[in-house]
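The values are calculated or read from the model by the stated rules, or taken from the named source; none is laboratory data. This one's a predicted model, so the numbers in the text were calculated from it and none came from an experiment. FYI the Cβ positions are ideal-geometry reconstructions off the backbone, even for glycines, and counts take in every protein chain you see. The accessibility values were calculated without ligands, DNA or RNA, using every heavy atom of the protein model including side chains. Shrake-Rupley method; radii C 1.70, N 1.55, O 1.52, S 1.80 Å.
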Amino acid sequence: MADATFEDGRERPLNLVAYAAEDLEVISSLAQDAVFPVTEMSWRASARRFAILLNRFRWEDRDAAERRGREYERVQSVLVIENVLRVASQGIDRRDRDMILSVLSVTFEPGEDGAGELLLTLAGDGGIRLSVEALEVTLKDVTRPYHAPSKQVPQHGV
């Protein structure tokens, strides 16, 4: 059985789940350079769930767009982290409702018995640290792709 290529998923929405740090690397690479308003973060302590509605650059479609000479695309995706015990942030002013944040990476620092710290590193020295009981992260596209307003590949790109 051959591995899937990015072209195989061109018109299909992503729906990925990471239960291990190696799986999280895939989600991190696809969420890289995603932007979101500070107002699109949500932590539901009673459900132990943290979620962000991202405007994600479609890295999986970049090569096809270049080959076909068409515009790059973005898509709205939900990044959901389950089993969250605590949330801490740095460099984020939740009162500034116009603040736009950009994801650089999503990493996991394992602790004991499957628990650990999930770190969302943001551009501009910002970050969100989530203490999790177990690693469970979902990245799911929730809209159809749209033309990237900048018409360019993000500078931090993979």
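Placing R0 at 25 angstrom, the Cβ-Cβ distance between Y146 and L16 gives a FRET efficiency of 0.80 after rounding to 0.05. Across the alpha-carbon set of region 17-102, the Rg to Rh ratio works out to 1.03, Rh being the Kirkwood radius. Rounded to the nearest Hz, the phi-derived 3J(HN,Hα) couplings of region 48-61 under the Karplus curve 6.51 cos²θ - 1.76 cosθ + 1.60 (θ = phi - 60°) are 6, 10, 10, 9, 9, 8, 9, 9, 9, 5, 7, 4, 5, 10, where x marks glycine and proline. In order along region 112-125, the phi-based Karplus estimate (6.51 cos²θ - 1.76 cosθ + 1.60, θ = phi - 60°) of 3J(HN,Hα) comes to 9, 6, x, 6, x, 10, 9, 10, 9, 8, 10, 4, x, 6 Hz; Gly and Pro are listed as x.
Output the peptides 98-111, 26-39 sorted from most to least packed, where packing is the average of other Cβ atoms within 10 Å over each peptide's residues. Write out the running numbers ahead of the final one.
Details: 98-111: 16.1, 26-39: 19.0.
Listed from highest to lowest mean packing, they are 26-39, 98-111.
Placing unit charges on each Cβ (+1 for Lys and Arg, -1 for Asp and Glu) gives the chain a dipole about its Cα centre, and among I100, S131, V80 the Cα reaching farthest toward its positive end belongs to I100.
For an R0 of 22 angstrom, estimate the FRET efficiency from the Cβ-Cβ distance between A64 and E25 and round to the nearest 0.05. About 0.50, to the nearest 0.05. Compute the long axis of helix 21-31 from its Cα atoms, compare it with the longest principal axis of the Cα atoms of the chain, and write down the angle in degrees, 0 to 90, nearest 10. Roughly 50 degrees between the two axes. Each label was represented as a point 7 Å from its Cα along the Cα-to-Cβ direction; for R129 and E71 these points are 4.1 nm apart. Solvent-accessible surface of region 1-153, taken per residue with a 1.4 Å probe and all protein chains present: 56 Å². Counting only protein heavy atoms and using a 1.4 Å probe, what share of the accessible area of region 1-156 belongs to carbon plus sulfur, as a whole percent? C and S fraction of accessible area: 48 percent. For the chain, a simple Cβ point-charge model (Lys and Arg +1, Asp and Glu -1, everything else neutral) yields a dipole of about 760 debye relative to the Cα centre. Distances between placed amide hydrogens fall under 5 Å for E136 paired with E82, all partners being 5 or more residues away or on another chain.
Over the chain, all Cα pairs binned in 10 Å intervals from 0 give whole-percent P(r) values of 11, 40, 34, 14, 2, 0, listed from short to long. Loop-resident trypsin sites (Lys or Arg not before Pro) (DSSP state other than H, G, I, E or B) in region 88-156 with no more than 16 further Cβ atoms inside 10 Å of their Cβ: R94, R95, R97, K151.
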